[in-house]
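Visitor: I am attaching a structure below and will ask some questions about it afterwards.
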Amino acid sequence: MISILSASENWGIGKGGDLLFHLKADMKFFRTTTEGNVVIMGRKTLDSFPGGRPLKNRVNIVLTRDNSFEREGTVVVHTPEEALLEAERYGKEVYIIGGAEIYKLFLDKCDACLVTKVAACPEADAFSPNLDELPEWKMTECGETIEEDGLKFRFVKYERR
């Protein structure tokens, strides 16, 4: 299982239910990486998508505490264990796509994390675990710096030691 996210210098990932950054190169990387696979997300992440609609060409598993929640085009589960069992059924790569609580819940089950590290530190109210401070994680790949809309960022891969 792989976590995929975009984070600021202090590992901020969102504010007010939205992403901190909207970078075309990052969105393209996310889309091409996750297409054809399984994504696990929280309900708030699903709600943040345009029209609250699930991502196309992916199995969308939504983890929520709300037992009455339903959304067309999604598989709704209510525990992390249920999400993992459901994900296994498809025989595809599984990506954890947020939000903050979901990243924390599944981090110990991930083998890798793909992080778009943005060299900026805007105000945030949602954060990912700081992989640079966790001894069980090691940066194994670091792409070249890219600049878009005045922001510098790079694609980084962390793997569990």
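The values are calculated or read from the model by the stated rules, or taken from the named source; none is laboratory data. Because the structure is predicted, anything quoted here is derived from the model rather than measured. All Cβ positions, glycine included, derive from the backbone under ideal geometry; neighbour counts span all protein chains shown. Ligands, DNA and RNA are stripped out before the accessible areas are found, and what is left, the full protein with its side chains, is counted by its heavy atoms. Shrake-Rupley method; radii C 1.70, N 1.55, O 1.52, S 1.80 Å.
Visitor: Around Ser6, which amide H atoms from residues at least 5 apart in sequence, or from another chain, sit under 5 Å from its own amide H, with H modelled in the peptide plane?
Guide: Amide H to amide H, under 5 Å and 5 or more residues apart or across chains, Ser6 pairs with Thr116.
Visitor: Follow-up. Between Glu144 and Asn57, what's the calculated FRET efficiency when r is the beta-carbon distance and R0 is 25 Å? Round to 0.05.
Guide: 0.35
Visitor: For the stretch 40-105, treating each Cα as an identical point scatterer without solvent, what Debye log10 I(q)/I(0) comes out at q = 0.23 1/Å?
Guide: Each listed q corresponds, in turn, to -1.01.
Visitor: Same structure, new question: Taking the Kirkwood radius as the inverse of the mean 1/r across Cα pairs, report the Rg/Rh of the stretch 15-133.
Guide: Radius of gyration relative to Kirkwood radius: 0.93.
Visitor: Straight-line reach from Lys15: which lysines have Cα under 28 Å away, leaving out those fewer than 8 places along the same chain?
Guide: Partners found: Lys24, Lys28, Lys44, Lys56, Lys104, Lys109, Lys117, Lys138, Lys152, Lys157.
Visitor: Can you report the principal axis dimensions of the stretch 1-81 using only the alpha carbons, biggest first, rounded to whole angstrom?
Guide: Principal extents (Cα only, largest first): 36, 27, 27 Å.
Visitor: Relative contact order of the chain, please, whole-number percent, based on alpha carbon pairs below 8 angstrom and at least 6 residues apart.
Guide: Reported relative contact order: 32 percent.
Visitor: Counting other C-beta atoms within 10 Å, and keeping those with at most 12, which DSSP coil GluC sites (Glu not before Pro) do you find in the stretch 66-161?
Guide: Answer by residue number: Glu70, Glu72, Glu123, Glu136, Glu144.
Visitor: Let me ask something else about it. Is the shape of the stretch 95-151 rounded, prolate or oblate, going by the alpha carbon gyration tensor and its root eigenvalues a ≥ b ≥ c, with a/c under 1.5 for rounded and a/b larger than b/c for prolate?
Guide: Taking the square roots of the gyration eigenvalues as a ≥ b ≥ c, the stretch 95-151 is oblate.
Visitor: Tell me the chymotrypsin sites (Phe, Trp or Tyr not before Pro) within the stretch 45-104 that lie in a loop according to DSSP and have at most 15 other beta-carbon atoms within 10 Å.
Guide: Sparse-neighbourhood loop chymotrypsin sites (Phe, Trp or Tyr not before Pro): Phe69, Tyr90.
Visitor: Explain nothing, just compute: Karplus ³J(HN,Hα) = 6.51 cos²θ - 1.76 cosθ + 1.60, θ = phi - 60°, for every residue of the stretch 40-54 in order, whole Hz, x for Gly and Pro.
Guide: With the stated coefficients, the stretch 40-54 comes to 10, 8, x, 4, 5, 5, 4, 4, 6, 6, x, x, x, 8, x Hz.
Visitor: Taking the Cα-to-Cβ direction at Glu133 and at Lys157 and moving 7 Å from each Cα, how far apart do the two end points lie in nm?
Guide: Taking the two extended label points, one gets 2.7 nm.
Visitor: Using a 1.4 Å probe over the heavy atoms of the protein chains, calculate the carbon and sulfur portion of the accessible area of the chain as a whole percent.
Guide: 48 percent
Visitor: Follow-up. Using the heavy atoms of the protein chains and a 1.4 angstrom probe, tell me the accessible area per residue for the chain in square angstrom.
Guide: Roughly 55 Å² per residue, with all protein chains present.
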